[in-house]
Amino acid sequence: MSAPAVRLEEVTRRYAGAGSSPSFTLAIPTLVIPRAAWTVVTGRSGAGKTTLLHILATLDRPDTGNVHLLGRDVTRDSEGALARVRRDRMGIVYQRFYFAEHWTVWENVSCRLIPAGVPARIRRARAEAALDALGIAALADRLPREISGGEQQRAAVARAVISEPDILVADEPTSNVDAETAERIVACFRRLRGRGSAVVIATHDPALVEAADVHYVLEQGRLRG
Amino acid sequence: MQRHWSLLQTAAANLAANSRVYGVASAGLFVALALLLAGIAISEGLKAQAVDAVAGGANVYCTWDTFGRDGPVPIDQVPALQKIDGVVRVVPRIIGRLALGERMVVVVGVPFEELLREPFPLEGRLPSSGAEVLVGREIAQELGLVTGQRVALESALLRVFTISGIFTSTSSLWSARVVVCDLGEAAALFGEEKRVSDVCLFTRPGYEPSVAEAVLRIDPRFRVQTQALVRGYVLRGMTLREGIFTVLWAMALALAIPASAMFGHLGHSPRRREIGLLKAEGWRTADVLEMVALENLFVSLLCACGAMIFAFVWVRLLRAPLIAPFFIAELPLFPSLSIPARFLPLPLVLSFVFSLVVTMTGSIYFTWRTAITRPADNLR
């Protein structure tokens, strides 16, 4: 039997409170994200969903505990090695989209392919295919500020799926879009899961929760599965 | 290789997309480099002209010791100089400043037969009598003088001459303010019938040192300067001025760099998020550093080449307004004569290297610090 996509063991991550805000601690004894499954993490705002997703996506390191990705312990891997994992095996939809403002939509979508040495012509073709799947291929040459919030959300999803990742981590991927757009995004994620990828979503969207194979709830940094 | 090419293309695209930000950030550097390149070009041009003038001049220059300084030579000493072994030509000269209209000019009086020996570019003809003079092209243009025109040179007495020709010298400064007349006329103008400013001795090759010694044996009151010595004086003077300019330039740069850094800092916040995003998307620190270094390479190349073009236009086409008076005494802030200048490849290369060092210093450390930060912190 193959190893799960992600396994967290005894992970903690503490943030000191700034000013008058209290400190926060995420504490996960064990968390398993299976392959070819749709995993949803829900919880109130401030429960630690984004912190958990950052750790799953190797954007942040836990203070204690171990992180296993695709059967390998990456806890003590170098930043360079983690960057390579993110580039080759992972797709991320950020809570706030984040685009390089001076790059066009297709350049943003395909930016992870630049250090991989993929020629510009192929980068563009792959970006257009990813954008087309989400219905915004016509916006490829626009700048991010020239498109709407919903279109930005779809472009962010296209960026996450362009390399058909083994693990997709999405933070509130349907929070700013209409029902039709949300359906396109969900369809895109389903296709990915169908190909064997693990899809991890932090969301408040009931539709996404309903479609989940695994559902975790976070409460004040503690997991309830 | 494809990875480097992709990063190069991305760096170029970044530069084009952020041309305004980069333009503001590198403006101080551009101005400093343009100033440096213009200064070096003028300095090199002056040096080259001075060296040419010295090389084309006499082998030994004789003056007369007057209170320990160079003074005029009694004319009756000239025959003795002609008899020195190795001397092929002796040219007594009278050099002084007189008013020509509202401009002070340098009047050079030499025996007319000397003008015939070495042909030089001339519009018109050589003087055929003491009533005719040659004027330099630069001053002729400035004062609107033409051949055949009559001009008055004013000293204790006023003498009127006819311009027989307008000459062009290899040194624009030499022809800028010079009026050449017969030695006798110059003697009359300056009231010096029995003395000349100096005596130029042209020697056979290799005779320079022995002639210099022989001159001093004729009379120890002679002060003798060989061509090598004069060349050394000229270059030393130029180097001193160049050094002062470099110090002033360094001070200007000391102001330009913080200004540049300050403008650069304005773009740090978006850049931090951008680097955070790239890292999150799988870029390694080395990828980010390479892209930023390539951006700096482009900026430096553009800055250095742009500054060179600007300096060229400033010095060659506009005649180096504001900067020329620093190198050439008595020039107005907006000179009307063309300024000697040499644009060499080495200063351009140095400018490029210099701007690369400045831009790298300003950005690489920041980029590295940002790139090694956890992506989550940069995106927060």
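The values are calculated or read from the model by the stated rules, or taken from the named source; none is laboratory data. Note that the coordinates shown come from a computational prediction; the quantities given were computed from them, not determined experimentally. Here the Cβ is made from the backbone with ideal geometry for all residues, glycine too, and neighbour counts use every protein chain on show.
So here's what we get for this one:
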item	result
Tally of residues being touching a Leu at 6+ places or on another chain (Cβ under 7 Å) and within 22 Å of A:Cys188 (Cα to Cα) across segment A:107-125	3
Residue tally, condition part of a loop (DSSP other than H, G, I, E, B) and either among the hydroxyl-bearing types (Ser, Thr, Tyr) or closer than 19 Å to A:Tyr216 by Cα (or both), over segment A:48-60	3
In segment A:164-186, the residues that are more than 20 Å from A:Ile33 (Cα to Cα) and among the small types (Gly, Ala, Ser)	A:Ser175, A:Ala179, A:Ala182
Helices (runs of 4 or more DSSP H) wholly inside segment B:303-380 that include at least 2 residues being more than 30 Å from A:Ala57 (Cβ to Cβ)	B:324-327, B:345-372
Per-region count, segment A:119-131, residues crowded, with 19+ Cβ neighbours inside 10 Å and either within 7 Å of chain B (Cβ to nearest Cβ) or aliphatic (A, V, I, L, M) (or both)	3
Any pair with Cβ under 6 angstrom, 6 or more apart, that starts in segment B:1-27 at a residue that is at the interface with chain A (Cβ under 7 Å from one of its Cβ atoms) and ends at one that is of a type in the set (Val, Ile, Thr)	B:Ser6/A:Ile114; B:Thr10/A:Ile114
Among (1) more than 30 Å from B:Ala293 (Cβ to Cβ); (2) in contact with a Pro (Cβ under 7 Å, 6 or more places away or on another chain) - the single one B:Ile40 does not satisfy	(1)
Segment B:67-84 - residue that is without any contact (Cβ under 8 Å) to a residue 60 or more places away in the chain and exposed (fewer than 12 other Cβ atoms within 10 Å of the Cβ) and, of those, farthest from B:Arg195 (Cα to Cα)	B:Lys83
Residue ID - surrounded by the most Cβ atoms within 10 Å (Cβ to Cβ), chosen from residues in segment B:340-380 that are touching a Leu at 6+ places or on another chain (Cβ under 8 Å), away from chain A (no Cβ under 14 Å) and among the aliphatic types (A, V, I, L, M)	B:Val358
Yes/no for B:Leu333 being without any contact (Cβ under 8 Å) to a residue 24 or more places away in the chain, within 30 Å of B:Ser43 (Cα to Cα) and aliphatic (A, V, I, L, M)	yes
Residue satisfying condition, being surrounded by 22 or more Cβ atoms within 10 Å (Cβ to Cβ) and under 22 Å from the mean Cα position of the chain (by Cα), within set B:Ala329, B:Ala304	B:Ala304
Subset of segment B:175-212 [part of a strand (DSSP E or B) and either of a type in the set (S, T, N, Q) or within 29 Å of B:Leu143 (Cβ to Cβ) (or both)]	B:Val178, B:Val179, B:Val180, B:Cys181, B:Asp182, B:Val196, B:Asp198, B:Cys200, B:Thr203
Top-ranked residue in segment B:288-301 [being surrounded by 22 or more Cβ atoms within 10 Å (Cβ to Cβ) and either out of contact with any Leu (no Cβ under 7 Å at 6 or more places or on another chain) or away from chain A (no Cβ under 14 Å) (or both); ranked as farthest from A:Arg112 (Cα to Cα)]	B:Ser300
Unmet requirement for B:Trp283, which otherwise passes all of (1) outside any helix (DSSP H, G or I); (2) modelled with pLDDT under 75	(2)
Members of segment A:8-26 found to be of a type in the set (Lys, Arg) and either surrounded by fewer than 18 Cβ atoms within 10 Å (Cβ to Cβ) or more than 20 Å from B:Ala376 (Cα to Cα) (or both), listed by number	A:Arg14
Qualifying residue in segment A:36-44 (condition: at negative phi and within 14 Å of chain B (Cβ to nearest Cβ))	no
Candidate set: segment A:68-118, residues that are acidic (Asp, Glu) and within 25 Å of B:Ser19 (Cβ to Cβ); chosen: the one modelled with the highest pLDDT	A:Glu107
Odd one out for B:Leu15 among (1) within 18 Å of A:Ala100 (Cβ to Cβ); (2) buried (at least 22 other Cβ atoms within 10 Å of the Cβ)	(2)
Search result, residues across segment A:61-117 that are more than 7 Å from chain B (Cβ to nearest Cβ), crowded, with 19+ Cβ neighbours inside 10 Å and in a helix (DSSP H, G or I)	A:Leu82, A:Val85, A:Val105, A:Trp106, A:Glu107, A:Asn108, A:Val109, A:Leu113
Qualifying residue in segment A:27-43 (condition: among the hydroxyl-bearing types (Ser, Thr, Tyr), buried (at least 17 other Cβ atoms within 10 Å of the Cβ) and within 29 Å of A:Pro206 (Cβ to Cβ))	yes
Qualifying residue in segment A:161-170 (condition: at pLDDT 90 or above and assigned to a helix (DSSP H, G or I))	yes
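This table checks each residue for (1) in contact with a strand residue (DSSP E or B) (Cβ under 6 Å, 6 or more places away or on another chain); (2) touching a residue at least 24 places away in the same chain (Cβ under 8 Å).
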| position | (1), (2) |
| --- | --- |
| A:Ala120 | no, no |
| A:Ala130 | no, yes |
| A:Gly149 | no, yes |
| A:Glu180 | no, no |
| A:Glu183 | no, no |
| A:Leu208 | yes, yes |
